[in-house]
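Everything below concerns the one structure shown next.
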Amino acid sequence: MKLALRLAAKAAGRVSPNPMVGAVVVKDGQIVGRGYHRAYGQPHAEVEAMHRAGDQAQGADLYVTLEPCNHRGRTPPCTQAVLKAGIRRVVVATLDPNPRVNGGGAEFLQSKGLQVEAGLLAEEARRLNEAWFKWVETGLPFVIAKAACSLDGKIATAGGESQWLTGEKARAFGHQLRHQLDAILVGVGTALADDPQLTTRLPQRTTENGKRKTENGPRDPIRIVLDSRLRLLLDAKMLHLDSSAPTWIACTEAAPKEKIKAIKELGADVLVMPEESGRVALKPLLEELGRRQVQSLLVEGGAETLGSFFDQRLVDKFYFFYAPKILGGKTAPGMLAGEGVQRLGEALLARDLKVRKIGPDLLVEGYL
């Protein structure tokens, strides 16, 4: 099952809105087939693993990180393929929370005489697909906050300089996150100050003959800007990209109609959302993103936007980078703005903290 989980993780950023799934076929104590769901629309993990096992799948055990589906989507039901291959025993890490599947695949296989066991490394399996599980169970995307600051919590100097606080390896980690997640969000202040592209800039992996290996190439996330009154400039880089991912601008009814039209003519989508305290209401925005099958959202800034997400308890996970620098300055901006809390008893509590070095920088990651 650990191998199946490692296989599943290879497809990070490739399978949404499907979950990452890995499978291993074992016969007489030997691994005879392995597979994973490589990309949305391609064969599921079980099918690939059993195909690789061939005739040896007859009477074998199948280890799979998620309950086999028992319904037809873009591919046939995996339960039928399991029966056809002659598998005798199926070990599942976790059941599928999808109402169309939940327990149905396991029950169907049991009804056909197969031995089915569930729960092996279930926590690890849920963690692997944490964004997908949240989206299926709540309809909301899994929200990840990322920020980089000095050791004393400053994201820029008192004079406003911020590039680059962290080193190359930390920035590469951030681009890897962009590749893996469905969407990235910034506030219009960041968009105006930095004119970011919000694309994924990672080196291409190549095959031995030097040809581009598209399966492992970097993938751009959907770009989202919080811009209640559409202050974004029409010559902003993100509105003129050669990218397969779209750009969405979230505004309120206060946005000028002519600016909405102009942005749409440039190929971006404009989401007119409810207003809250003069800004785009975040919870309705997340609900809309969920309806659009955005399962994971990376919030990168700036401080006001990050602060609003933390204030409203909308962050699920965070990545905080700390550069080995001390900036000081009472006017230098901190990592989080927003309202904050008035009393220590109201503080957000982090759990499952991990600390590691990424190049010269420290990365603190955790959940709320």
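The values are calculated or read from the model by the stated rules, or taken from the named source; none is laboratory data. The structure displayed is predicted, hence computed values, not measured ones. A quick note on method: Cβ atoms are made from the backbone with ideal geometry, for glycine too, and the neighbour counts reach across all protein chains shown. These area figures cover heavy atoms from the full protein model, side chains too; ligands, DNA and RNA do not enter into them. Shrake-Rupley method; radii C 1.70, N 1.55, O 1.52, S 1.80 Å.
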Notebook entry, point to check: Out of Ala81, Ala106, Ala53, which single residue is of a type outside the set (Ser, Thr, Tyr) and either part of a loop (DSSP other than H, G, I, E, B) or open to solvent by less than 10 Å² (accessible area, probe 1.4 Å) (or both)?
Noted result: Ala53
Next item on the list: Have a look at Arg34, Arg38 and point out the one that is open to solvent by 10 Å² or more (accessible area, probe 1.4 Å), assigned to a strand (DSSP E or B), closer than 29 Å to Gln295 by Cα and of a type in the set (Lys, Arg).
Entry: Arg34
Margin query: Between Gly366, Gly338, which is in contact with an Asp or Glu (Cβ under 6 Å, 6 or more places away or on another chain), surrounded by fewer than 18 Cβ atoms within 10 Å (Cβ to Cβ) and in a strand (DSSP E or B)?
Written below: Gly366
Next item on the list: Could you please tell me which pairs satisfy a Cβ distance under 7 Å, a separation of 6+ or placement on different chains, a first residue in the range 259-286 that is on the phi < 0 side of the Ramachandran plot, and a second residue that is surrounded by fewer than 18 Cβ atoms within 10 Å (Cβ to Cβ) and among the basic types (Lys, Arg)?
Entry: Val270/Lys264
Next item on the list: For the range 56-75, enumerate the residues that are in contact with a helix residue (DSSP H, G or I) (Cβ under 7 Å, 6 or more places away or on another chain), open to solvent by 40 Å² or more (accessible area, probe 1.4 Å) and not in a loop (DSSP other than H, G, I, E, B).
Entry: Tyr63
Notebook entry, point to check: Quick check: is even one residue across the range 99-115 among the β-branched types (Val, Ile, Thr), at pLDDT below 90 and either at negative phi or over 22 Å from the mean Cα position of the chain (by Cα) (or both)?
Noted result: yes
Note to self: Looking at the range 109-126, I want the residues that are without any contact (Cβ under 8 Å) to a residue 40 or more places away in the chain and over 15 Å from Ala4 (Cα atoms) and have a partner that is part of a helix (DSSP H, G or I) and open to solvent by 70 Å² or more (accessible area, probe 1.4 Å) with Cβ atoms under 8 Å, at least 6 apart or on another chain. Which pairs are those?
What the structure shows: Val116/Gln110
Note to self: When the residues of the range 183-198 are narrowed to those that are part of a loop (DSSP other than H, G, I, E, B) and under 22 Å from the mean Cα position of the chain (by Cα), which ends up surrounded by the most Cβ atoms within 10 Å (Cβ to Cβ)?
What the structure shows: Leu198
Note to self: Suppose the filter is at negative phi, within 22 Å of the chain's Cα centre (by Cα) and either surrounded by fewer than 19 Cβ atoms within 10 Å (Cβ to Cβ) or modelled with pLDDT of 95 or more (or both); does Arg292 pass it?
What the structure shows: yes
Checklist line | Residue list for the range 109-126, restricted to those being open to solvent by 20 Å² or more (accessible area, probe 1.4 Å) and in a helix (DSSP H, G or I) | finding: Gln110, Ser111, Ala122, Glu123, Glu124, Arg126
Next item on the list: Would you check which residues across the range 84-103 are open to solvent by 70 Å² or more (accessible area, probe 1.4 Å) and in contact (Cβ under 8 Å) with a residue 60 or more places away in the chain and list them?
Entry: none
